[in-house]
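So the structure is just underneath, and the comments pick up after that.
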Amino acid sequence: MAPLAAECAAEPWELGYVSYDFLADGRIVMVVQEGPRHHLAVVDRAGAVTPVKLPYTSIKPYLAVGGASVALVGSSPEVAPQVALVHLGDDPRVEVLARAEHPGLYGLAVSTPMELRIPVEGSREVVALVYPPTGAAPDWCAPVIVRAHPGPTASSLVRLDWQAQFFTSRGFAVVDVDYTGSTGYGRAFRQALYGRWGIDDVVDCRTVAEYLLTEGRAVPGAVFIRGASAGGYTALHAVAQDGPFTAATAVSAIVDPERWAETVPRFQRAHATRLHGGAGRVRAENIRRPVLMIHGTADDVATADDVRELAGELQDRGVPHELMLLDGVGHYVATSAHAARALEAELAHYRSAMAAMASG
């Protein structure tokens, strides 16, 4: 109906979303993703697409239409997710119904990302969202945390991320990488990771880190990689080879893709199976840098047994590592009661690695 060079649905392994709905007059309102940004659009009966101007750069695909209005969850680099009702008309109006952030956070200085497009091997290009340290000068140079998003075919989004702000407010730069396989760049880009997981995603994250070092933005010896779930798998493989990373943090990490394909919810198993054939299981004998693994004991998506086994192998080989097991926590540490504890442990991990580098 309305061909667009954009994604008009969420990642295909996600369920329960509503990416579009019908207005009372028969037009379609939908969420459109272009790279790391979302916008709202209306499609008329002739297929003409009209963007709706909103103060949001990220929109969760939970649309709900009532007459000529649509409810959504939107956010931006300065605004935490909020529920809003968008009254569609000649001059669309946004009515905020609920806000998520604590009132004490209103007006707090935050780091806003700049978007970079960085060429990588094989004539590919990836987008990176770079959050400078909070209040940094234009010529900043800082320790850098490269983040590999989960999925692995999810994406980085331009929105207020308090986890990133935790580190930028402490002098770090945070870099989100939309590596090969990310959603928001078309089906071919997303499916390019099939059979290459743990290879191309690692190359892309490494290339972004090397670019920041070359540009004088990253402090040599203070470049880290972290990821959760599938991103943890990428982070572990990134320190299983030579490269710019001083240490890694893996939260709720997938260690063995074949075992994960058996434990993942059934509707995701086809997706998990298609990712096979890449770097394979993370092996302790290949890891060359200190790693912090944070995992919930009740994780039934990526079982804690895998990280326990990996930690035991690292112990036997004398590889610097730490395993933090969170009792009763499932796959989503960031939304658990232990989220603050996990962040403090991650911060301590990076500071320890920097201190070790400084002391030789």
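In this structure, Gly330 qualifies as in contact with a strand residue (DSSP E or B) (Cβ under 6 Å, 6 or more places away or on another chain) and surrounded by fewer than 16 Cβ atoms within 10 Å (Cβ to Cβ). Provide a single number: the residues in region 247-301 that are surrounded by 16 or more Cβ atoms within 10 Å (Cβ to Cβ), among the β-branched types (Val, Ile, Thr) and farther than 23 Å from Gly181 by Cα. Number satisfying all stated conditions: 3.
When you check Glu121 against the structure, is it at pLDDT below 95, surrounded by fewer than 16 Cβ atoms within 10 Å (Cβ to Cβ) and over 13 Å from the mean Cα position of the chain (by Cα), yes or no?
Values: at pLDDT below 95: yes; surrounded by fewer than 16 Cβ atoms within 10 Å (Cβ to Cβ): yes; over 13 Å from the mean Cα position of the chain (by Cα): yes.
For Glu121, the condition - at pLDDT below 95, surrounded by fewer than 16 Cβ atoms within 10 Å (Cβ to Cβ) and over 13 Å from the mean Cα position of the chain (by Cα) - is met.
When region 1-55 is filtered for residues that are without any contact (Cβ under 8 Å) to a residue 24 or more places away in the chain, within 24 Å of the chain's Cα centre (by Cα) and under 28 Å from Leu116 (Cβ atoms), the ones remaining, listed by number, are Glu14, His39.
Each residue in region 22-48 was checked for being exposed (fewer than 15 other Cβ atoms within 10 Å of the Cβ) and among the acidic types (Asp, Glu), and 2 pass. In the set (1) at pLDDT 95 or above; (2) of a type in the set (A, V, I, L, M, F, W, C); (3) farther than 21 Å from Arg170 by Cα, the condition left unmet by Val301 is number (1).
Please count how many residues of region 201-221 are without any contact (Cβ under 8 Å) to a residue 40 or more places away in the chain, of a type outside the set (Lys, Arg) and not in a loop (DSSP other than H, G, I, E, B). Please lay out each step first, then the result.
Residues of region 201-221 without any contact (Cβ under 8 Å) to a residue 40 or more places away in the chain: 206, 210, 213-215, 220.
Those still in the list that are of a type outside the set (Lys, Arg) too: 210, 213-215, 220.
Narrowing further to those that are not in a loop (DSSP other than H, G, I, E, B): 210, 213-214, 220.
Qualifying residue count for the region: 4.
Among the residues of region 161-175, none qualifies, meaning not one is surrounded by fewer than 24 Cβ atoms within 10 Å (Cβ to Cβ), of a type in the set (Gly, Ala, Ser) and in a strand (DSSP E or B).
The values are calculated or read from the model by the stated rules, or taken from the named source; none is laboratory data. What you see is a predicted model; the values in this text were computed from it and never measured. Here Cβ is always computed from backbone atoms with ideal geometry, including for glycine, and neighbour counts include all displayed protein chains.
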